[in-house]
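Inspection log for the structure reproduced underneath, given as structure tokens.
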Amino acid sequence: KRPLTVAAAQLGPIQLKDTRSSVIARMCTLLDQAAASIPKAQLVVFPELAFTTFFPRYFISDESELRAYFEAETPDAPIEKSPHVKPLFDKAQKLGIDVHVGYAEAWTDPATAEEKRFNSEGSSIAKYRKVHLPGVKEPWPGKNVTQQLEKRYFSHGDMGFPAFRAPGLVKDVLKQEGEEKEVQKEQEGLGDPVLGMLICNDRRWPEAWRAYGLQGVELVLCGYNTTAYAPQLLGSDLSNAKPLSREETAAEVLFHHKLCITSNSYMNSCFSVNVGKVGSEDGHDLIAGTCIVDPKGYVVKESQTKDDELVIATLDLAACRAGKTKTFDLGRHRQSASYGVLVER
Ligand code: CDT
């Protein structure tokens, strides 16, 4: 057995007028709930761009207004030390919980003094920068259009898909003579759990999941902000069918979200924690659908509201082994020689 209690900390909407400190206070309340739950959550996962409204939906021409959405980072001053958000990490440390959170990163490399901006996720032990940026660089014309300007505001992630081990998060336990006994990790040959991170649009790309699958990932963490109604982004239906209503569109967007996370969790024999910022941000709807998925592709638990909500489950990461040693034993069954087109194009 490899038990791990995780919590997806869904956030309800964050309005333009909401301050960073009010958002951090909401996040700290969720951390308190995670600490008080039985069993206590060991890892709490927050959504993409968790500290602010989903600002890429707006065309922001004023540089200082735009810059205010970002957290400054340097090698000496990582995210958990950023003055805005330090209270969250301090709280997590006090409660003995690992946190994972999405944020807009303004990275300055001291060697070049150049600032680069990314849509990032991370914690004190690992960082990931979103690779697949949806939307456009130039704003779509028209008033009241929900924009998707991630390509304008962020650089593409430059770290690839590095799986990482989370030290001490899981203690292997063997059932022996009816009694649970902790065993040496080496004896089981498993060690600390293997984690990977994705951000929102990344979850629609099988290449991203497979990159982690090939590194033996057991748990993928994925935060998102998914617009419920974005006809410009989804393209028009090429058939002559009547266009989908707002409600039908939202239902289809939710369906595709679940299709991606359940099928890719199954095909890579891993659990995934998928957590959204949801509800209506200044009249712009985001889908809900926060859920924890198992290696067979089943939804273990999902959110019931469009507000701040903790979705907690105790997972047994040993359940990844069946898929990894049978149908999806990637080392044994993959046929890489036939996949050249995947990297040639
Ligand atoms: N934030 C983000 O990446 N959103 C995109 C919007 C797609 S619109 C259906 C996503 O893939 O969820």
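Please treat every number below as a calculation from the coordinates, not as lab data. Keep in mind that this is a model prediction, so the values were computed, not measured. Here the Cβ is made from the backbone with ideal geometry for all residues, glycine too, and neighbour counts use every protein chain on show.
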Fluctuation leader among LYS258, LYS40, LYS116 - the chain, Gaussian network, Cα springs under 10 angstrom: LYS116
Segment 2-113: mean projected area of Cα convex hull, nm²: 8.7 nm²
Sequence ranges 100-111, 20-31, ranked by mean other-Cβ count within 10 angstrom, highest first: 100-111, 20-31
Leading residue at positive end of dipole, segment 231-345 (Cβ point charges), from THR290, ALA318, GLY276: ALA318
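Pop out the Kirkwood hydrodynamic radius of segment 216-293 from its pairwise C-alpha distances, inverse of mean 1/r, in Å to one decimal.
Evaluated over segment 216-293, this radius sits at 13.8 Å.
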Positive-end residue of PHE54, THR112, THR74, charge dipole of segment 1-118 with Cβ unit charges: PHE54
q = 0.13, 0.17 Å⁻¹: log10 I(q)/I(0) that the Debye formula gives for segment 42-174, counting C-alpha atoms only: -0.61, -0.98
Most fluctuating residue given options ALA241, ALA288, ALA35, as computed from a GNM of the chain linking Cα atoms under 10 Å: ALA241
Size of electric dipole in segment 219-334: Cβ of Lys, Arg +1 and of Asp, Glu -1, about Cα centre, debye, nearest 20: 800 debye
Proxy reagent accessibility, fewest Cβ within 10 Å first, across HIS257, HIS84, HIS333: HIS333, HIS84, HIS257
P(r) of segment 8-74 over all Cα-Cα pairs, binned every 5 Å from zero, in whole percent: 3, 14, 23, 21, 16, 11, 6, 3, 2, 0
Distance violations [Cα-Cα > 25 Å] among LYS17/LYS86; LYS242/LYS277; LYS277/LYS324; LYS17/LYS127: LYS242/LYS277; LYS277/LYS324; LYS17/LYS127
Modelled FRET efficiency - R0 30 Å, GLN215 with HIS84, Cβ distances, 0.05 increments: 0.40
Against the rule of thumb 2.2 N^0.38 Å, how large the Cα Rg of segment 218-345 comes out: 1.27
Beta bridge orientation in segment 1-157: antiparallel %, DSSP, nearest 5: 55 percent
For the chain, the fraction of alpha-carbon pairs in successive 20 Å shells from zero, as %: 30, 58, 12, 0
